[in-house]
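The structure under discussion appears below in the form of structure tokens.
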Amino acid sequence: MAVPKFFEFFVPILKALEQSSPSTVKQLRQIVAEDMGLTEEDKAEMVPSNKQQTYVNRIHWAIQYLKNAGLIEHLAHGTYGITEEGKRAYLQDAELISLQYLERYESFRAFHGGHSPATVQNPPQPEEATPIEAHRFGLCDHPL
């Protein structure tokens, strides 16, 4: 199994925090890695700079995105909790939570580049997307 993309960690992080909030980042990494079935080999994979494990890097990015959408909140150094909106999203829309889903939140749009809701409701098809759109909507595997 390859290490999931950072946005594939959104729901497992919300699940972990819904069940055990607040949690430290270290606790979240352990819970989420177990929940997603990451192997020791997966957890040993390093980012290209060889300075951080890939799954750790992606969990940190997922936390940042969820925080900027207002679904989780930073409570103290290295500690996060789920917000009421995060609970609602997880309990009602878990199967929908994606980069596109986060665009419905003004705070996320401000963080992520200011998409309008109309753009978000009609994302481009992969074959029609520009490289930036493909990256923004999670339609590609490569960085810009």
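Every number here is computed from the coordinates shown, using simple stated rules; none is lab data. Being a predicted model, the structure only gives us computed values, none of them experimental.
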Report the gain in length on full extension from residue 35 to residue 85: 0.36 nm times residue separation, minus Cα-Cα distance, nm rounded to one decimal.
15.8 nm
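Rg(Cα) of segment 6-115 divided by 2.2 N^0.38 Å?
Details: Rg = 13.6 Å, N = 110, 2.2 N^0.38 = 13.1 Å.
In units of the globular-protein estimate, segment 6-115 measures up at 1.03.
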Please tell me the relative contact order of segment 1-125 in percent, rounded to the nearest whole number, where contacts are Cα pairs under 8 Å and at least six residues apart.
28
